[in-house]
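The values are calculated or read from the model by the stated rules, or taken from the named source; none is laboratory data. None of the values given here were measured: they were computed from a predicted structure. Counting neighbours? That spans all protein chains shown, and the Cβs are built from the backbone with ideal geometry, glycine included. Only protein heavy atoms, including side chains, enter the accessible area calculation; ligands, DNA and RNA are left aside. Shrake-Rupley method; radii C 1.70, N 1.55, O 1.52, S 1.80 Å.
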Amino acid sequence: MISVGGFREGEINGKPFHIFNFLSQTDTPTSSSEAAIDSGDDEDFPPFQPLFVLTFYRWMFSLNPYFFNKRSGDKQFRFLIGSSVYHHTYCVYHPYVIRISRHHHRVSFTSSPPSKKLICGVCRRKVDSSYGAYACNKCDDYFVHTKCALRKDLWDGKELEGIPEEPEMVVEPLERFSDGVILHFSHDHRLKLEISGAYDEEKFCQACSLPIYEGSSYYSCMDQCDFILHEACAKAPFQKQHAIHAHSLTLKKVGNIQVSGGRGHFYCWACGRLRTGFVYEDPNSRFHLDLRRASVAEPFQYEGHEHPLFLALIPEEEESAICQICQEEGEEDNNGDHQKPKLLTCIECKYIICFKCATLPYKARYKYDNHFLIFRKKEEGNDHHGWCDICESKIIFSRKGGFYSCDDYCSTTVHVDCLLGKYPYMKPGQIRYWGRDVVILRNKTMSRPLCHGTEHRCQDKVVLKKENMTFCSLRCL
């Protein structure tokens, strides 16, 4: 079908555009410009360009929600103007310069990526140079599909064209006084750097809630408080841009509910676990990320897999994918929202693991074994790993999940929950759970207390106290 029309100048969202008005063949054309509409799938068409908006028979032509590229697979109309330039109706609206959470520089739209092998920095799939993409002007080999770059979980929605790029300010969370002596924002007293000797299960980091193992460096309070921080946790930056969230995150200490007026705990958005300690939060949303999950970066080197792992699954794939270790689909948080752990995947062999399993301590200590225990996947079990040394029940290898075992011929084998506990990232203290004050205590009495909810003995590493009653888990409250 051949139609004619004419150009007129106009504005869209405050920006000047040339708008072409199509006329039917029964109308009188306003100019000699001609246009043809083609809805075919000819692969030889050059890429669409964000040049102008078309109106068809005096109506604005409907906009498709995706910029056409090899990944979208959506059928689109193609418009041919006398200059032989092709363009796409949506391109007039997408931004030119943006910042995404997966890259440390800004990226800008290019209609003509270089003709070479290009891999998307988000989904890790091929970028077709025949179509537009976002590219980093500072990194020669960083390109992103348009659809990937404009995802709401990666882009904050801000157009940065014409806005000067300011240097990133790194604010340390500590003040240094002398060699090995600091003052951390989370504590009133000075801390001194030390090297851990013998393993003590009562020593744990106030930031990540994990134990202090022998040989590791940590900061301890010089005023004899029990406040301890791993050296790495003490150096965690105040501000952080993480790959799984579009906005900048701020480090915060989740304080005692009697002092801060808060809940004393939070749900980590990446792993779905209930947490105490330090949190990275977005003040404008309910997004929370604990310190251990915040340390995950691409490529992630998981000790239990031979290849690097990436956040390469698109949202539709992640919704249906399942972690190959725990096979869990997530839980509900305090607000009733479904929390499914974020997933990491291997590009080479399609291995998938969630943040919760990928960040379990790969090596952990058991007080009755002189060696480190190694995390094993369920399929690595054999007849020598038959019984848990803690709960004395059988380890069933056909079940989901994994276990810990000693590789030094000690034959020690334990369940993950038996060694780390059901709440490995909850340290002793007071929290408010569903409006009720709950005290978390170490379960270290000679006789195990009786749970008022199940009427069974509490076997976990911590117990919960509420109104002079003891419970073995939050579900029992």
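Quick look at the values:
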| item | result |
| --- | --- |
| Residue that is open to solvent by less than 20 Å² (accessible area, probe 1.4 Å), within 26 Å of G277 (Cα to Cα) and in a loop (DSSP other than H, G, I, E, B), where the choices are Y425, Y404 | Y425 |
| Top-ranked residue in the range 100-125 [being basic (K, R) and more than 12 Å from V144 (Cβ to Cβ); ranked as least open to solvent (accessible area, probe 1.4 Å)] | K116 |
| Lone unmet requirement of (1) modelled with pLDDT of 85 or more; (2) surrounded by 19 or more Cβ atoms within 10 Å (Cβ to Cβ) for G381 | (1) |
| Top-ranked residue in the range 158-202 [being of a type in the set (V, I, T) and in a strand (DSSP E or B); ranked as farthest from L249 (Cα to Cα)] | I195 |
| Every residue from the range 187-213 that is open to solvent by 40 Å² or more (accessible area, probe 1.4 Å) and free of Cβ contacts under 8 Å to residues at least 60 places away in the same chain | D188, H189, R190, K192, L193, E194, I195, G197, A198, D200, K203 |
| Strands (runs of 3 or more DSSP E) wholly inside the range 107-157 that include at least 1 residues being of a type in the set (A, V, I, L, M, F, W, C) and in contact (Cβ under 8 Å) with a residue 60 or more places away in the chain | 133-136 |
| Helices (runs of 4 or more DSSP H) enclosed by the range 214-303 - at least 2 residues per element that are under 30 Å from R99 (Cα atoms) | 231-234, 291-294 |
| Of all residues in the range 122-173 being at pLDDT below 90 and acidic (D, E), the one that is nearest to Q241 (Cα to Cα) | E168 |
| Residue that is farthest from F238 (Cα to Cα), among those in the range 283-304 that are surrounded by fewer than 17 Cβ atoms within 10 Å (Cβ to Cβ) and at pLDDT 90 or above | E303 |
| Residue that is farthest from R293 (Cα to Cα) [pool: residues in the range 346-359 that are open to solvent by less than 10 Å² (accessible area, probe 1.4 Å) and assigned to a strand (DSSP E or B)] | C346 |
| Which numbered condition T445 misses (of (1) polar (S, T, N, Q); (2) open to solvent by less than 50 Å² (accessible area, probe 1.4 Å); (3) part of a loop (DSSP other than H, G, I, E, B)) | (2) |
| Test: I431 is of a type outside the set (S, T, Y), in a strand (DSSP E or B), touching a His at 6+ places or on another chain (Cβ under 6 Å) and open to solvent by less than 20 Å² (accessible area, probe 1.4 Å) | yes |
| L464 vs. criteria at pLDDT below 90, farther than 22 Å from C357 by Cα, aliphatic (A, V, I, L, M) and within 32 Å of the chain's Cα centre (by Cα) | no |
